[in-house]
Amino acid sequence: PSTDIERKSVKLAFDIIGAKGNEEVKIEVLDDGKVIKTVEQKLSNAMEIDVPNAVLWSPESPKLYHLNIVLSNGGRVLDRVKSYFALRKVDVRKDECGYNRICLNNQPIFQYGPLDQGWWPDGLYTAPTDEALLYDIVKTKAWGFNMIRKHVKVEPARWYYHCDKEGMLVWQDMPSGDMGNQWAPHTYNGGTDKERTEESIRNYYKEWKEIMDLCVSNPSVVVWVPFNEAWGQFDTEKAAEWTKTYDPSRLVNPASGGNFRACGDILDLHNYPGPAMYLFDPVRVNVLGEYGGIGLAVENHLWWNKRNWGYVQFKNSDEVTAEYVKYAKELKAMVPKGFSAAVYTQTTDVEGEVNGLMTYDRKVIKINEAEVRKANQEVIKALSE
């Protein structure tokens, strides 16, 4: 499903194998378990349904509507499908100062969240339970963030469902491959493209399309990130255009952290440890796609006894919190100057990286949660002040 907030409608596209052309479809739209709209008609490739008294989805109010769809022929039920959707819109608009801002439902919103690599000490890329998938999202929301950058990983569909339900915006990365580029993070048109084989290029687009298809109906997903820090980056303009053409309803962040090209919707700077704005693009949205990396090694909660590192290292929770808040205040001052989003590294420790807001096993929260939440909310509100 896709939605139109101006028309207050949901559009459904059907792809049915073996359809004869004389089937009927019955669609029920449900709000909190109650049917608010019913449509019955001959099956067609696409349908648009008005949503009565439509409520828009946002991090503050993650309103989901449910669907019951029944396919039949002459009264005989052929198939049943249950799904859900949300009414929300993402685009770019200029503010009164002329800065391009990310807008949700036609209103500017500062998107702020952690870099989330989704690693687990007992399963690596596989979470132990569905509750564990949900836990990281709930903690992120409790810390006052409204966004997660899902970093070079694809999660199971349940993770995106939880983000839809909890009201968490998502930036979805394409996992990186084929290292070997020259990386130029501080200039436009710097660095080099990776010479990839035709097979590698075909595989890139095949897998990127599969990732987009997985998430295309999730209202939480608002930004696509085809490349990160030049890893395997190639034909950036073409990849950005392909991504935008395949899904024009979301923003494209073509080169997170460089190599920057004049394409896509976003210029995404990386800087460690503190925030910095060393480039500015008047045509695109300007964001800080990675910063932070405040390290704290917590005894008895380390993955190994070798080099445990962060971009800066501290000795206790109070020091980590103070440094985090200091960076947040610096970031807040950059919001009126043009930053429209930021990503803090990172949600949890990952193996030898001990710069998480909590340990790899999720058993120790390293920060003063109330202070971090307050600082995060102040950054997000800076855009509307």
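The values are calculated or read from the model by the stated rules, or taken from the named source; none is laboratory data. In this text, all values refer to a predicted model and were calculated from it rather than measured experimentally. Note that we place each Cβ from the backbone using ideal geometry, even for glycine, and neighbour counts take in every protein chain shown. Areas reflect the complete protein model, heavy atoms only, side chains present, ligands, DNA and RNA absent. Shrake-Rupley method; radii C 1.70, N 1.55, O 1.52, S 1.80 Å.
What the table below lists for this structure:
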| quantity | calculated |
| --- | --- |
| GluC sites (Glu not before Pro) within segment 181-271: DSSP coil, no more than 15 neighbouring Cβ in 10 Å | GLU195 |
| Entries of LYS26/LYS244; LYS94/LYS337; LYS89/LYS374; LYS63/LYS374; LYS139/LYS165 with Cα pairs more than 22 Å apart | LYS26/LYS244; LYS89/LYS374; LYS63/LYS374 |
| DSSP beta bridge pairing in the chain, given as percent antiparallel to the nearest 5 | 55 |
| In segment 211-241, chymotrypsin sites (Phe, Trp or Tyr not before Pro) in a DSSP loop with at most 12 other beta-carbon atoms within 10 Å | none |
| Chymotrypsin sites (Phe, Trp or Tyr not before Pro) restricted to segment 71-132 and DSSP loop, no more than 13 other C-beta within 10 Å | TYR125 |
| FRET efficiency estimate (nearest 0.05) - Cβ-Cβ, LYS165 to ILE16, R0 41 angstrom | 0.90 |
| Rg and Dmax of segment 38-173, Cα atoms only, in Å | 18.7, 60 |
| Antiparallel DSSP beta bridges within segment 78-190, as percent of all bridges there, nearest 5 | 55 |
| Where labels lie 7 Å past Cα in the beta-carbon direction, separation of THR245 and GLU369 in nm | 4.7 |
| Pairwise label distance in nanometres, GLN313 with ALA132, each label 7 Å out on the Cα-Cβ vector | 2.8 |
| Carbon and sulfur %, accessible surface of the chain computed with the full protein complex present, 1.4 Å | 51 |
